[in-house]
Amino acid sequence: MERSAHQSFAEESGAALAPSEEATRDEFADAVLQGLARKPRSLPCRFFYDARGSELFEEITQLEEYYPTRVETALLADHGAEIAAEMGDANVLVEFGSGSSRKTSLLLAALAAVDTYIPIDVSEEFLAQAASWLEERHDGLSIRSLVADFTSIAALPLTARRRRKLGFFSGSTIGNLSHDEACTFLAHAARLLGRRSAFLVGVDLKKDPAILIPAYNDARGVTAAFNLNLLHRIKRELDAEIDVDGFAHDAVYDEVHGRMEMYLVSRKRQLVRLRGRTFRFADGERIHTENSHKYSAEEFQALAESAGWQPARVWIDEDQLFSLHLLRLA
Ligand code: AVJ
C-alpha cells in the first residue's frame, strides 16, 4: 500500500504521530466507530482519498465506463471561448476540492485575465503537486494554495479582495452532498466569492441506469478496489480486525433520490473489531459508503437559485451525459 513518506516513517519506526496527524486519525476513528454503530451502517466518502484511494480514483477517471471526467474535460476544451465570453474579465480563479487540477489548465488557457489561482483541497500533497504542474504551464500565474475542507473555509486570502472572482467546482463532486448540503455549500460559496463573481460547476446529469451502473461498477474492478480500499485503510490506520475479502463492492441507482449509491456488502456472518468494540455483521449486511446525486439541468438551476445564484449558461455534451453550469451573482 502506498502512503505518504512521512506517515509510513511514523508507523514503521513506531514513532509517535505529530499532533495534527493524531487529531486526523482520531477524527477518522470517531467517524468510523459512529458509522459502524449506526443502522443502517455507513461511512463518510471523504475518507476514500488517502494516497492509495487518490491513485485508484485517478485510475477510475481513465476508465471507458466512467464518462464524467472525459466528458467534462471535452466540454471545457470545446467551450473555453464561450466561458471566456461570459467571464473573460475574471482575475482570480478559486477552485473548490481541486485535487490534481488537471482540468484547471484548460480554464486558465481560456481566461486570459486570470493572474491568481486559489486551489482549495484537504490534501497538502495534491496541492503541492498540482501547483508545480500548473506553474510549468502558466507563466506568471500566482498560486495561493489553501489546505482546507472546501465546505468550511471561512475567508479567501487578502490578494483576492475587490477582484473579480470565478469559482470552479468540477467533477460533480457536488453530487456527494445531499440537496440540502449542496444548497448550503452553494450559498457559502456565494458569500466567499462575493459581488460580481461567477461560479462554474460541473454536474452529472440524470440518465439511463444502464449507463450509470457500469460507471460505478466497472468490468476491471477498479471502482470495487476504490470502495474496498476504505476497509484496508481502516485496518491499516486504526489497527482494526477486518477480513477485507469478506466484503464485496456494490453500486445501485436509487430512483427516488436520483442518485448512485455505493455499498460494501458482507459476504458472510462475521465480526469486525476496532478500538475495543465489536461489530456483528449478518450475511448480506451493507455499509453505505457514497451517494452520487444526479441532476437534470433544470433541477440544478432551481437548486442554484434557491442558494442565491442566477443561472446564466449551461453547456451539455451531445450525448447528454454531463453538464457545466455557469452561475452569476448580481
Ligand atoms: C469524485 C465524487 C465525483 O461520485 O462520481 C467515482 C467519486 N465514486 N466512482 C463520483 C466516485 C465512484 C466521484 N466524485
In this structure, is residue 72 at pLDDT 95 or above, in a helix (DSSP H, G or I), within 16 Å of the ligand (Cβ to nearest atom) and among the acidic types (Asp, Glu)? yes
Which is in a strand (DSSP E or B) and without any contact (Cβ under 8 Å) to a residue 60 or more places away in the chain, of 120, 153? 120
Could you check how many residues of the stretch 187-215 are without any contact (Cβ under 8 Å) to a residue 40 or more places away in the chain and not in a helix (DSSP H, G or I)? 1
Residue 160, sole failed condition from (1) closer than 30 Å to residue 82 by Cα; (2) at pLDDT 95 or above; (3) crowded, with 19+ Cβ neighbours inside 10 Å: (2)
Can you tell me which condition residue 265 does not meet? The list is (1) of a type in the set (A, V, I, L, M, F, W, C); (2) within 16 Å of the ligand (Cβ to nearest atom); (3) out of contact with any Pro (no Cβ under 9 Å at 6 or more places or on another chain); (4) in contact (Cβ under 8 Å) with a residue 60 or more places away in the chain, and all the others hold. (4)
Considering every residue within the stretch 60-69, establish whether at least one is open to solvent by 10 Å² or more (accessible area, probe 1.4 Å), over 23 Å from residue 195 (Cβ atoms) and either small (Gly, Ala, Ser) or not in a loop (DSSP other than H, G, I, E, B) (or both). yes
If I ask for residues that are of a type outside the set (D, E, K, R), within 19 Å of residue 124 (Cα to Cα) and either open to solvent by 70 Å² or more (accessible area, probe 1.4 Å) or in a loop (DSSP other than H, G, I, E, B) (or both), which ones from the stretch 24-41 would you list? 24
Could you please tell me which pairs satisfy a Cβ distance under 7 Å, a separation of 6+ or placement on different chains, a first residue in the stretch 159-177 that is on the phi > 0 side of the Ramachandran plot, and a second residue that is within 16 Å of the ligand (Cβ to nearest atom) and open to solvent by less than 20 Å² (accessible area, probe 1.4 Å)? 171/68; 171/72; 171/202; 172/68; 172/202; 172/203; 172/204
Can you pull out every residue in the stretch 298-330 that is surrounded by fewer than 17 Cβ atoms within 10 Å (Cβ to Cβ) and not in a strand (DSSP E or B)? 298, 299, 302, 305, 306, 308, 318, 319, 320, 330
Of the residues in the stretch 206-239, how many are crowded, with 21+ Cβ neighbours inside 10 Å and aliphatic (A, V, I, L, M)? 5
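This table checks each residue for (1) among the aliphatic types (A, V, I, L, M); (2) within 15 Å of the ligand (Cβ to nearest atom); (3) farther than 22 Å from residue 294 by Cβ.
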{"site": "34", "(1), (2), (3)": "no, no, yes"}
{"site": "53", "(1), (2), (3)": "no, yes, yes"}
{"site": "61", "(1), (2), (3)": "no, yes, no"}
{"site": "64", "(1), (2), (3)": "no, yes, no"}
Would you point out the residue of the stretch 177-186, among those that are in a helix (DSSP H, G or I) and open to solvent by less than 40 Å² (accessible area, probe 1.4 Å), that is farthest from the ligand (Cβ to nearest atom)? 183
Filter result (outside any strand (DSSP E or B) and crowded, with 19+ Cβ neighbours inside 10 Å) within the stretch 80-107: 83, 87, 90, 97, 98, 99, 101, 103, 104, 106, 107
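The values are calculated or read from the model by the stated rules, or taken from the named source; none is laboratory data. The structure presented is a predicted model; accordingly, all values stated were derived computationally and were not measured. Methodologically, a virtual Cβ is constructed for each residue, glycine included, from the backbone with ideal geometry; neighbour enumeration extends over all protein chains shown. Heads up: the accessible areas ignore ligands, DNA and RNA and are worked out on the full protein's heavy atoms, side chains in. Shrake-Rupley method; radii C 1.70, N 1.55, O 1.52, S 1.80 Å.
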